[in-house]
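Asks: If you scroll down you'll find the structure; I have some questions about it.
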Amino acid sequence: MGNAVAVTRFDQAVSVETSLKPHNTITNLHAAKKKILFVSPELADLIKVGGLGDVSASLPRAMNADHDVRVLIPGYRQVLQSGHAIRDVGSVPGHAALPPARIGCMTLPDGLIVYVLICPELYDRDGTPYGDAQGRDWQDNHIRFASLGLAAAEIAAGTACLSWCPEVVHANDWPAALAPAYMSWRGLQTPTVFTIHNLAYQGLCSLECSPELGLPSSACGHQGMEFYGRLSFLKAGLVYSDHVTTVSENYAREITTPEFGCGLEGMLQFKVQLNQLSGIPNGIDDSWDSVNDPHLVQGFDAHDWEGKRANKRHVEQMFGLEQNEGPLFAVVSRLVQQKGIDMTLEIADTIVAEGGRIAIIGRGEEHLEEAVRELARRHPGKVGANVGFNEADARCMFAGSDFLLMPSRFEPCGLSQMYAQRFGSLPIARATGGLADTIEDGVNGFLFKEPSSDSYLTAVRRAMAIHRNPELLNAMRAHAMAAPLYWKQSVEPYAALYRKLVAAKTSGGKLV
């Protein structure tokens with residue numbers, strides 16, 4: 001399955017660029033700072049639902065050493081009330097049912113510039129970026145996130161009254177997917193990148209929404225946004241962007257297959273044929289430092305495990321768990337079907353019976369939240385659960401646990417396994433997507449193949465056997481903590497892609 005198509009990589013950029021421009025021009029392309037507009041519905045500094053918020057906070061910062069990267073996000077209530085000063089710097093006119101909006105600018109303490117799309121009627125609400133406090137999607141999400149895409153297009157066109165204009169627009173996931181679409185419909189030549197963080201979330205709405213979004217008639221056909229009788233924001237990102245990336249090499253291969261393609265595998269195979277699909281792994285920032293992280297009760301490294309033991313005792317106390325020498329398993333996850341939480345619930349009784357303890361933190365689907373609470377009630381002192389999320393507690397769990405349970409049915413990249421590895425907790429995960437790319441079975445974690453409780457339990461028992469051998473356990477921990485997972489590993493592939501796209505547009509052609 002994984003070898004069905006070849007997916008482009010962008011860590012070998014010079015040869016293609018050389019064919020496009022003379023050598024001295026290539027030198028200038030490499031040297032010049034590129035102006036990048038990074039469009040996202042989340043930014044961890046201000047508002048975060050999942051890993052996209054972490055990526056949107058980390059990747060622009062990692063690239064800002066060599067480029068001018070600015071982030072565009074909606075002006076949610078949490079953003080407006082974040083305490084950061086916001087200057088009024090521009091405006092976006094209305095379009096069809098999309099209301100006019102202002103553009104504010106905030107500069108975060110480390111210098112990251114964030115443009116804020118200010119439109120109170122769309123964004124100034126209680127709840128999450130996507131829905132209300134009860135988890136129900138906002139009924140006008142198509143308007144809310146089309147407005148985000150339109151604002152990016154106006155900035156790229158130089159019509160948003162800003163003094164800054166991007167050379168590349170990088171849109172992320174379905175909420176930002178209409179940025180390349182509006183740019184294409186307006187005939188803009190600014191290169192666009194669209195990153196899929198999770199293909200399963202597509203941003204679907206009725207075809208009858210077309211007039212509200214001001215779509216051209218071509219957008220409503222099968223070569224545009226139409227998807228099985230509806231409009232798909234995510235498909236728009238695929239169709240109208242110059243290049244599509246996703247967040248691991250393995251996931252880039254997987255999504256071209258029926259098993260993982262969510263009905264879009266044909267379109268993605270076509271992007272491969274055009275040399276317009278690549279996998280660039282996510283990373284984590286250097287705050288994930290087991291020695292200096294201020295959230296931990298005691299720092300540690302691979303030469304001194306006393307700090308890890310101190311964090312383990314803290315987690316045991318935090319979750320009301322018995323203190324013993326048995327392994328401590330952590331679940332730090334959204335409680336949704338994709339993450340395989342149901343499989344963890346299926347094998348939890350066995351883990352407890354064989355001497356393990358489990359600490360769970362996360363929120364998600366209501367029935368899974370209740371099932372997690374019930375599991376904790378059934379095993380007092382053996383299973384602890386906190387339905388919710390707290391960054392400090394999560395970091396302590398990564399540092400204090402022996403193993404992280406991550407049986408995802410699919411996982412585009414995954415960040416939790418990287419966080420766990422950095423803090424010496426060995427992930428136990430299904431061999432899918434970015435989990436297969438970042439975990440070496442039996443070296444810095446454990447992998448299993450089938451999305452079944454039997455396959456999962458076999459991997460858990462392998463881990464428990466290693467736990468009974470401290471020398472092997474500590475050797476695996478040391479390997480995990482040494483994994484090269486920081487964003488600097490991914491910056492150059494993105495920079496190479498940006499250079500290629502700018503060079504191709506400058507030369508008057510498409511990158512093929």
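Asks: Step by step: first the residues of the stretch 451-479, then only those that are closer than 30 Å to Glu259 by Cα and in contact with a strand residue (DSSP E or B) (Cβ under 8 Å, 6 or more places away or on another chain), then the one that is surrounded by the most Cβ atoms within 10 Å (Cβ to Cβ). Which residue is that?
Replies: Of everything passing the filter in the stretch 451-479, Val460 is surrounded by the most Cβ atoms within 10 Å (Cβ to Cβ).
Asks: Scan the stretch 123-140 and give yes if some residue there is touching a residue at least 40 places away in the same chain (Cβ under 8 Å), basic (Lys, Arg) and open to solvent by less than 20 Å² (accessible area, probe 1.4 Å), otherwise no.
Replies: The answer is no; no qualifying residue exists.
Asks: When you go through (1) over 22 Å from Gly283 (Cα atoms); (2) open to solvent by 40 Å² or more (accessible area, probe 1.4 Å); (3) in contact with a strand residue (DSSP E or B) (Cβ under 9 Å, 6 or more places away or on another chain) one by one for Gly381, which number turns out not to apply?
Replies: (2)
Asks: For a quick check of your reading of the model, give me the residue pairs whose first member lies in the stretch 336-356 and is farther than 20 Å from Glu325 by Cα and open to solvent by 40 Å² or more (accessible area, probe 1.4 Å), whose second is part of a helix (DSSP H, G or I) and of a type in the set (Phe, Trp, Tyr), with beta-carbon atoms closer than 9 Å and at least 6 apart or on different chains.
Replies: Matching pairs, first to second residue: Glu346/Tyr456.
Asks: Here is a further query. Name the residues in the stretch 163-185 that are at pLDDT 95 or above, farther than 18 Å from Glu212 by Cα and assigned to a loop (DSSP other than H, G, I, E, B), would you?
Replies: Result: Trp164, Cys165, Pro166, Glu167, Asp173.
Asks: Sticking with this structure for a sec: Within the stretch 141-166, track down each residue that is free of Cβ contacts under 8 Å to residues at least 40 places away in the same chain and buried (at least 16 other Cβ atoms within 10 Å of the Cβ).
Replies: Ala153
Asks: If I go through the stretch 303-334 residue by residue, how many of them are touching a helix residue (DSSP H, G or I) at 6+ places or on another chain (Cβ under 7 Å), in a loop (DSSP other than H, G, I, E, B) and crowded, with 17+ Cβ neighbours inside 10 Å?
Replies: Looking only at that region, the number is 3.
Asks: Could you count how many residues in the stretch 461-480 are in contact with a helix residue (DSSP H, G or I) (Cβ under 6 Å, 6 or more places away or on another chain) and closer than 16 Å to Leu404 by Cα?
Replies: Keep residues of the stretch 461-480 that are in contact with a helix residue (DSSP H, G or I) (Cβ under 6 Å, 6 or more places away or on another chain), which gives 466-467, 472-473, 480.
Now narrow it down to the ones that are closer than 16 Å to Leu404 by Cα: 466-467, 473, 480.
Selection size over the stretch 461-480: 4.
Asks: Could you list, in sequence order, the residues of the stretch 433-453 that are under 13 Å from Tyr419 (Cα atoms) and in contact with a Cys (Cβ under 7 Å, 6 or more places away or on another chain)?
Replies: If the condition is that a residue be under 13 Å from Tyr419 (Cα atoms) and in contact with a Cys (Cβ under 7 Å, 6 or more places away or on another chain), then no residue fits.
Let's see how each residue does on (1) over 23 Å from His479 (Cα atoms); (2) out of contact with any strand residue (DSSP E or B) (no Cβ under 8 Å at 6 or more places or on another chain); (3) assigned by the TED database to the domain that holds Leu404:
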site: Asp293; (1), (2), (3): no, yes, no
site: Gln298; (1), (2), (3): no, yes, no
site: Ala310; (1), (2), (3): no, yes, yes
site: Glu316; (1), (2), (3): yes, no, yes
site: Phe319; (1), (2), (3): yes, no, yes
site: Glu322; (1), (2), (3): yes, no, yes
site: Leu328; (1), (2), (3): no, no, yes
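Asks: Shifting gears a bit: Which residues, counting only those in the stretch 387-429, are small (Gly, Ala, Ser), assigned to a helix (DSSP H, G or I) and either free of Cβ contacts under 8 Å to residues at least 24 places away in the same chain or open to solvent by less than 10 Å² (accessible area, probe 1.4 Å) (or both)?
Replies: Within the stretch 387-429, Ala394, Ala399, Gly400, Ala420 qualify.
Asks: Sticking with this one: Name every residue in the stretch 59-81 that is more than 21 Å from Lys488 (Cβ to Cβ) and open to solvent by less than 40 Å² (accessible area, probe 1.4 Å), in order of residue number.
Replies: Taking the stretch 59-81 as the starting set, the residues that turn out to be more than 21 Å from Lys488 (Cβ to Cβ) are 72-81.
Scanning the stretch 59-81 gives Leu72, Ile73, Pro74, Gly75, Tyr76, Val79.
The values are calculated or read from the model by the stated rules, or taken from the named source; none is laboratory data. Keep in mind it's a predicted model, so treat the numbers as computed, not measured. Every residue, glycine as well, gets a Cβ built from its backbone with ideal geometry; the counts of neighbours run over all protein chains shown. To get the accessible areas, we keep the full protein, side chains included, count just its heavy atoms, and leave off ligands, DNA and RNA. Shrake-Rupley method; radii C 1.70, N 1.55, O 1.52, S 1.80 Å.
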